[in-house]
Structure formats: C-alpha cells, structure tokens
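The values are calculated or read from the model by the stated rules, or taken from the named source; none is laboratory data. Keep in mind that what you see is a predicted model, and the values were worked out from it rather than measured. We place every Cβ from the backbone using ideal geometry, glycine too, and count neighbours over all the protein chains shown.
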Amino acid sequence: MRHQIEVSVRSSYIPAQSAPETNRYVFAYTVTITNSGSVPATLLTRHWIITDANNRTQEVRGEGVVGQQPHLSPGSSFEYTSGTILETPVGMMRGSYQMRADDGTEFDAEIPAFTLSAPRKLH
C-alpha cells in the first residue's frame, strides 16, 4: 500500500500523580507511529475518544502531537509519550491521526483501542 501508517500504544498507570480517594487516576501512554507505506506522510491532527468505566466519554481534537507535526519517511517511526486523567481506575482510548502524504493524498491512520488500567490493590 502506498499510504500505510501503523500505530501501536503502551499505557501505564502513574500512582504518584493519582489520587484514588478523589477519583483521579493518571495514565501515561507511549505511541509509536510507523510509516509502512511507500509515500512520505505528515501527521496533521489527532482525534482521541477517551471512555472511562462509567461510560463517560471525552473527545480530544488538536493539531499534531506533543506540539509537533512529524513527517514520516517510508520505514521511519515517530514515538512520543503523553497522558490523560480519568475518574475511574479503568478506561479505554482509541482514535485516529489525520495524515497528508507528500503526493497530496489525505487519509486517516487508525489508533487501535487500548486499555488504561490501574493495578488492583489487595485488601
């Protein structure tokens, strides 16, 4: 495929910034974006759908990622880490990146759903 972007995500719970007693659960996620197509492409915007265990959903849209609009040559990757705050210890994120290939084609790169989960505490 000429326009092929693969996205993988690793998430982790940040206990030092979380406050479960006030329903504040902080998560970090590291995203790796790889251009596995044959045409260079630039990440223009992002669209995230974040859902907590209460089925409360927030949508986040914006330019680029972490203040950048990376240009990915075929075979290259871009990695960044960001975070989100939930009111529940478990949630899910998914979304897409809006891309523009150097040939002018605009397309979406899907961000597959991934789980955000605080470790279970033993009582």
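Any residue in region 19-31 that is among the small types (Gly, Ala, Ser) and either buried (at least 18 other Cβ atoms within 10 Å of the Cβ) or part of a loop (DSSP other than H, G, I, E, B) (or both)?
Residues of region 19-31 that are among the small types (Gly, Ala, Ser), as a first pass: 19, 28.
Those still in the list that are either buried (at least 18 other Cβ atoms within 10 Å of the Cβ) or part of a loop (DSSP other than H, G, I, E, B) (or both) too: none.
Within region 19-31, none of the residues are among the small types (Gly, Ala, Ser) and either buried (at least 18 other Cβ atoms within 10 Å of the Cβ) or part of a loop (DSSP other than H, G, I, E, B) (or both).
Looking at Thr45 and the list (1) at pLDDT 95 or above; (2) surrounded by fewer than 17 Cβ atoms within 10 Å (Cβ to Cβ); (3) out of contact with any Asp or Glu (no Cβ under 7 Å at 6 or more places or on another chain), which single condition is not satisfied?
(3)
How many of the residues in region 2-35 are of a type outside the set (Phe, Trp, Tyr) and within 15 Å of the chain's Cα centre (by Cα)?
Quick first cut of region 2-35, residues of a type outside the set (Phe, Trp, Tyr) only: 2-12, 14-24, 26, 28, 30-35.
Then drop every residue that is not within 15 Å of the chain's Cα centre (by Cα), which leaves 5-12, 26, 28, 30-34.
Summing the residues that are of a type outside the set (Phe, Trp, Tyr) and within 15 Å of the chain's Cα centre (by Cα) in region 2-35 gives 15.
Can you name every residue in region 83-101 that is more than 15 Å from the chain's Cα centre (by Cα), more than 15 Å from Asn55 (Cβ to Cβ) and surrounded by fewer than 19 Cβ atoms within 10 Å (Cβ to Cβ)?
Arg100
Quick one: which residue in Ile85, Ile49 is among the β-branched types (Val, Ile, Thr) and either free of Cβ contacts under 8 Å to residues at least 60 places away in the same chain or in contact with a helix residue (DSSP H, G or I) (Cβ under 8 Å, 6 or more places away or on another chain) (or both)?
Values: Ile85 fails: either free of Cβ contacts under 8 Å to residues at least 60 places away in the same chain or in contact with a helix residue (DSSP H, G or I) (Cβ under 8 Å, 6 or more places away or on another chain) (or both).
Going through Ile85, Ile49 in turn, just one is among the β-branched types (Val, Ile, Thr) and either free of Cβ contacts under 8 Å to residues at least 60 places away in the same chain or in contact with a helix residue (DSSP H, G or I) (Cβ under 8 Å, 6 or more places away or on another chain) (or both): Ile49.
What number of residues in region 47-83 are assigned to a strand (DSSP E or B) and farther than 18 Å from Val7 by Cα? Before the answer, list the steps.
From region 47-83, those assigned to a strand (DSSP E or B) are 47-52, 57-63, 65, 68, 71-72, 77-83; that's our starting set.
Going one step further and asking which of them are farther than 18 Å from Val7 by Cα, we end up with 51-52, 57-59.
Here the count works out to 5.
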